[in-house]
Amino acid sequence: QVHLVESGGGLVQAGGSLRLSCAASGNNFRINVMAWYRQAPGDQRELVVVITSGGSTNYGDSVKGRFTISRDNAENTVYLQMNSLKPEDTAVYFCHADITSTWSLRSSDYWGQGTQVTVSS
């Protein structure tokens, strides 16, 4: 079983920065694609950014130029550096990973528990 644990959310003023982390733990797995999603109250969950195992990235239009995703494959951790935050970035941020079991060779989706990011105006 694999677990994703997020950290780094909080309250920040508009224009400020936060850094989110998501660490995967478990045994006998290989992480393929990792991503950050977010969900504001009353809204659907939206993709923020995705990063492949090779480091290719794809950002949502609303965060391009402000957010940066990075990945430490040795530590099974993905980071999201969020700069120039805006009130509309307020949401619960979820980590997602597509993970392959090196034992069964089956792939599954995993989600973190979510971390709240609140940007005040």
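The values are calculated or read from the model by the stated rules, or taken from the named source; none is laboratory data. Computed from a predicted structure; not experimentally measured. No Cβ is skipped: glycine too gets one built from the backbone with ideal geometry, and neighbour counts run over all protein chains shown. Accessible surface is based on the protein model in full, side chains and every heavy atom, while ligands, DNA and RNA are left aside. Shrake-Rupley method; radii C 1.70, N 1.55, O 1.52, S 1.80 Å.
Residues that are over 21 Å from ARG71 (Cβ atoms) and not aliphatic (A, V, I, L, M) within segment 11-44 comprise GLN13, GLY15, GLY16, GLN39, PRO41, GLY42, ASP43, GLN44, listed in sequence order. Considering segment 83-107, the residues that are of a type in the set (S, T, N, Q) and in contact (Cβ under 8 Å) with a residue 40 or more places away in the chain include one that is nearest to GLY9 (Cα to Cα), namely THR90. Among the residues making up segment 41-86, those that are open to solvent by 60 Å² or more (accessible area, probe 1.4 Å), outside any loop (DSSP other than H, G, I, E, B) and hydroxyl-bearing (Ser, Thr, Tyr) are THR57, THR68.
Count of segment 9-29 residues, restricted to those that are surrounded by 13 or more Cβ atoms within 10 Å (Cβ to Cβ), more than 11 Å from the chain's Cα centre (by Cα) and either of a type in the set (A, V, I, L, M) or closer than 14 Å to VAL78 by Cβ (or both), is 4.
Tell me yes or no: at least one residue of segment 99-117 is farther than 17 Å from VAL2 by Cβ, assigned to a loop (DSSP other than H, G, I, E, B), out of contact with any helix residue (DSSP H, G or I) (no Cβ under 9 Å at 6 or more places or on another chain) and at pLDDT 95 or above. No, segment 99-117 contains no residue that is farther than 17 Å from VAL2 by Cβ, assigned to a loop (DSSP other than H, G, I, E, B), out of contact with any helix residue (DSSP H, G or I) (no Cβ under 9 Å at 6 or more places or on another chain) and at pLDDT 95 or above.
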